[in-house]
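The values are calculated or read from the model by the stated rules, or taken from the named source; none is laboratory data. The structure displayed is predicted, hence computed values, not measured ones. So basically every Cβ, Gly included, is an ideal-geometry build from the backbone, and we count neighbours across all protein chains shown. Calculation scope for accessible area: heavy atoms of the full protein, side chains included, ligands and nucleic acids excluded. Shrake-Rupley method; radii C 1.70, N 1.55, O 1.52, S 1.80 Å.
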Amino acid sequence: MQTVRSIMTADPISVHPEAKIWEAANTMLDCGFSGLPVIDNDEQVLGVISESDFLRRGELRSQASPGMWRRLFSSRGALAEDYAKAFGKEVSEVMSSPAITVEPWITVEDAANLMGDRGIKRLPVVENEKLVGIVTRADIMRTLIRQMSASAVDRIDADIKAGLEAEYDRQRWGDTITVAVDATVVTLEGRVLDAREKTAARVAAENTLGVTKVIDQILVVGLPEMPVSPPGF
């Protein structure tokens, strides 16, 4: 199974908790990231700051206004956390903490399930309690696309091989020819007695749906010459 280490971005850009949130925002915009891991001086992950942390801000007057039920049933600490996220100036005051992290040896499938279950877009990757990488939904999607593409090519190759072998089975001259297909490229091998058989085999391959190239390695061996009797015998 493919592991997170094989698809993660190693040594990712990160931010320290005492950084100003505008510094983190500029880094995210400059690098095209939607989130950054937050680490301490020992490279241990403390949290994650992401685009969603900038949506409810006092500067934008977009901070969530606690309704009556939230005021009644939320703890004082939860309400204080909302306020700090809306008006905090440092990353430590705004980031989501603790961060959900993974180790580099877990499978891509497990990482994808964790993202889906928790509704998160990125996972810091830690080894020996230190940040070594980050894996995102985009990394998962790229892996999925590669796997789907490879699977599609394998199916096409199998269809080409089956179709061409069936065509050779229908022809009297096709029983000595073997077919190999790799990424829609057909390789023909075998021995025939007549050069015209070689030509026909190549034509059949070139006319098979999906074939992009034909490598013809068929050998024409011909019939052995019969000895000629001298005159008078």
- Task: Assess whether THR187 counts as being among the polar types (S, T, N, Q), open to solvent by less than 60 Å² (accessible area, probe 1.4 Å) and assigned to a strand (DSSP E or B).
- Result: yes
- Message: For the list (1) surrounded by 16 or more Cβ atoms within 10 Å (Cβ to Cβ); (2) farther than 17 Å from THR3 by Cβ; (3) at pLDDT 85 or above, I need the number of the one condition that GLU51 fails.
- Response: (1)
- May I ask you to say which residue of VAL214, VAL220 is open to solvent by 60 Å² or more (accessible area, probe 1.4 Å) and either β-branched (Val, Ile, Thr) or at pLDDT 90 or above (or both)? VAL220
- Query: Do you know which of the residues in region 111-131 that are in a helix (DSSP H, G or I) and free of Cβ contacts under 8 Å to residues at least 12 places away in the same chain is surrounded by the fewest Cβ atoms within 10 Å (Cβ to Cβ)?
  - Reply: ASP117
- Message: Being of a type outside the set (Lys, Arg), within 18 Å of the chain's Cα centre (by Cα) and at pLDDT below 95 is the requirement here; does GLU90 meet it?
- Response: no
- Note on the structure: Among residues of region 12-25 being over 28 Å from the mean Cα position of the chain (by Cα) and open to solvent by 50 Å² or more (accessible area, probe 1.4 Å), the residue nearest to GLY88 (Cα to Cα) is LYS20
- Can you give me the number of residues within region 132-182 that are outside any strand (DSSP E or B), open to solvent by less than 50 Å² (accessible area, probe 1.4 Å) and modelled with pLDDT of 90 or more? 11
- Query: Residues of region 190-206 being open to solvent by less than 70 Å² (accessible area, probe 1.4 Å) and either in a helix (DSSP H, G or I) or among the small types (Gly, Ala, Ser) (or both), which ones?
  - Reply: GLY190, ALA195, GLU197, LYS198, THR199, ALA200, ALA201, VAL203, ALA204, ALA205
